[in-house]
Amino acid sequence: MDVNIVLGQAGIYLSLIASLIAIGSLVKEIINKRSSKDWAFSQLNKSIKIWMPLILIGVALSVVSMEHALLSHDFRIAYVAQNNAIQTPLLYTIAGLWSALAGSILLWLFILSIYVFLFYIKFRRSNSPVIIYAQLINLIIVIFFLFLVAAPANPFIHTVGAIPADGAGPNPLLQDNPLVAIHPVLLYFGLVGFTIPFSITLGRLFAKQSDVSWQKTTRFWMILPWSCLSLGIIMGAWWSYEVLGWGGFWAWDPVENAALMPWLTATAAMHSGVATEERRILKTWTISLILVTFTLTILGTYLTRSGVVESVHAFSDSNIGIYLLVAIVAIVLVSLFAITFLAPMISEKDKAYLIQGEVSKSAAFVLNNVLFLAIALCVFVGTVYPIIIEHFSKTISIGPPYYDTLTAPFALVLLILIAVAPVLSYSPIKLNALGNKLLYPALAAATVSVLLVLSGFSNAVDIITYSFATMGIVVAVIQLIKNFKRSKGSIIGTFLGRKGGSMIAHIGILILAISIMSAVTLGQRGDLNLYKGQSLKFDNIRFTFLSLSTKNNPQDTVTNAKILINHNGPYDPAITIFPNQTQGIGTPGIYSTPFEDVYITLSELPSGSSSQSIVLGIVVQPFIFWIWTGGFIIFAGGILSLIPTLTKNRVRKKTASKTELTELSKIN
């Protein structure tokens, strides 16, 4: 009997039983309390406090069992035999948990259990019906993923037939760069985290709670996964750049799009939520965007794990697609019911406060929502339409030109909005007053425009992008200076809170826009045929071919060239062939500075043993470094915006404790 299988299965069923009992307790209490109109749930929280931790403990036990099976190369488990080998390096052995379908669903469930448990701990003393409904929704979602792990995507299935002496090993692309151990986990913490805002929002609707204080709660649970997803997407682009050997970072791949769509709607929801929280407006907008975000999250899970798309990021061998489709239909129906029949009950004042003038923060938020939704719709159609057409007739492909053409105008307007919106107020502002507020940022933008024209730039889109991105950065810096003054000279206080954190995130996005535009429009690609010892120039950069070697390792066979780039290096572009694989995986050599990346690959190896010539693929792109840096800045901005929320909560607890002590002293 395999201990890993027994413990793994036991953990799943422990969580399943605990979830069912907790759901039964919640449903029973909801029925009783609705009939008695008494929503004091302190007794209920006592009754489920045993089961909520057991859900996390059970799933954690399954995860630990699978990791132990991978580390001990327990090939009696089919998942381990298919995705692990004795010579697989430690890091990629650990990452094997999320390298294939069943393990990735287990990781998804584990992260979901963490979020649900933290939500329970946070609100375990709450008597609000919103929390009770939200807990019920959370547990229903947990039950669904437990079912997937227990049945169609069970990672603890025993190997059929003879136990192999060695496994097949992970996909070669998943053991070529450490980023594979980072970016999927960040993506999961982002995508899975949207479960909590979804459950809180539906909880509000079912409980008919219009108090906007719930928006503050939702905001915290929205920003945290949004920050993780933002960094996860950028880390995924970095992995693609480092591993796939094409010199690009975004290909509008269906799986990339699956992560981008909920990011777009979540970004819109966070901005709309600010208006809801501050002015009690755009409630229906905010509710709808949160529900759409979670729906797109499950749609992305379907796209990546149903086998309907072919991608280096997708899991092609899958039998869970039908279950995910059923889940999507259920979520859409529930969301439509909630938006149609329940949302109007708590959004009565929306129409009165929708837009208070032609130029106001209210109008900016509405325009922001429309633009993000428009981009998300373009991406959705481009991703889903080929799947639908292929099912009924023929195979079609929608590539980057479609996405670039349709999304660019909306993105450009968003860029302008980012530059202008921070200085707006909810009251209508006159154009001359707006001009005064934007005087210095506008001068900076005009200066950049003139310099670009003098440098030979003629494309209007390029000039607008650089100019308004510069303008937006200056606006954000000015807002941070105002924060510094408001915080009475506190440097730390300058960057904390919604005002400080959001400006940091804006700066990150604008840096991202500048660096992407630079890489795309100013990059150069080409090939050089080099003989050993030869030195040639491309784009005024000198490349020298020093040597070519092949090394047979236990875990792979590596052929690499040594190349000098402007006398720096040597850099080692390589082609690696793994055991049980026939196709080589290219690994680029990258000479990176804050100003420029020189990216080289082995496009063609010598055809004979005596030949010492290679074809070197070359991509030269400026400011690639700042793409990754922009991602980290966005993540930092999101996290910084949450810190005062945590601090205020601690202050409230301390104040409450002091009040209780004072009351006790009076009694005594």
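The values are calculated or read from the model by the stated rules, or taken from the named source; none is laboratory data. Quantities reported herein were computed from a predicted structural model and do not represent experimental measurements. Glycine also receives a Cβ, built like all others from the backbone with ideal geometry; neighbour counts cover every protein chain displayed. Side chains are part of the model used for accessible areas, which takes the heavy atoms of the whole protein and leaves out ligands, DNA and RNA. Shrake-Rupley method; radii C 1.70, N 1.55, O 1.52, S 1.80 Å.
Tabulated values for the structure
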| item | result |
| --- | --- |
| Peptides ranked, highest mean first, by Cβ atoms within 10 Å: ranges 425-434, 616-625, 83-92, 380-389 | 616-625, 83-92, 380-389, 425-434 |
| Accessible area in square angstrom per residue, the chain, 1.4 angstrom probe | 45 Å² |
| Relative contact order (%) - the stretch 1-170, alpha-carbon pairs under 8 angstrom, separation at least six | 35 percent |
| Rotationally averaged projected area of the stretch 1-170 (alpha carbon convex hull; nm²) | 10.1 nm² |
| Helix-derived mean residue ellipticity, 222 nm - over the chain, DSSP H n ≥ 4, -39500 (n - 2.57), to 500 | -21500 deg cm²/dmol |
| More than 37 angstrom apart: percent of Cα pairs within the chain | 45 percent |
| Around Ile624: net Lys/Arg minus Asp/Glu count, Cβ-Cβ under 13 Å | -3 |
| Set of the stretch 212-253 residues, backbone N closer than 12 Å to the point 7 Å along the Cα-Cβ line of Val615 | none |
| Relative contact order (%) - the stretch 524-623, alpha-carbon pairs under 8 angstrom, separation at least six | 25 percent |
| Distance between the stretch 527-546 and the stretch 59-130 - C-alpha centres, whole angstrom | 47 Å |
| Contact order relative to length of the chain, as percent, for alpha carbon pairs under 8 angstrom and 6 or more apart | 10 percent |
| Inter-site label distance for Asp539 and Asn553 at 7 Å from Cα along Cβ, in nm | 2.9 nm |
| Sequence ranges 322-328, 413-419, 397-403, ranked by mean other-Cβ count within 10 angstrom, highest first | 413-419, 322-328, 397-403 |
| Two-decimal ratio, the stretch 123-247, of alpha-carbon radius of gyration to 2.2 N^0.38 Å | 1.46 |
| Convex hull of the stretch 181-238 built on C-alpha atoms - directionally averaged projected area, nm² | 3.8 nm² |
| Over the stretch 524-623, equivalent-ellipsoid semi-axes from the Cα gyration tensor in Å | 24, 16, 11 |
| Subset of Lys208/Lys361; Lys283/Lys437; Lys361/Lys430; Lys437/Lys485; Lys208/Lys499 violating a 24 Å alpha-carbon distance limit | Lys208/Lys361; Lys283/Lys437; Lys208/Lys499 |
| Computed lengthening from Ala150 to Ile328, 0.36 nm per intervening residue step minus Cα-Cα distance | 62.1 nm |
| Segments 283-296, 124-137 sorted - mean Cβ within 10 Å per residue, highest first | 283-296, 124-137 |
| Surface accessible to a 1.4 Å probe, Val142 within the full protein complex, Å² | 0 Å² |
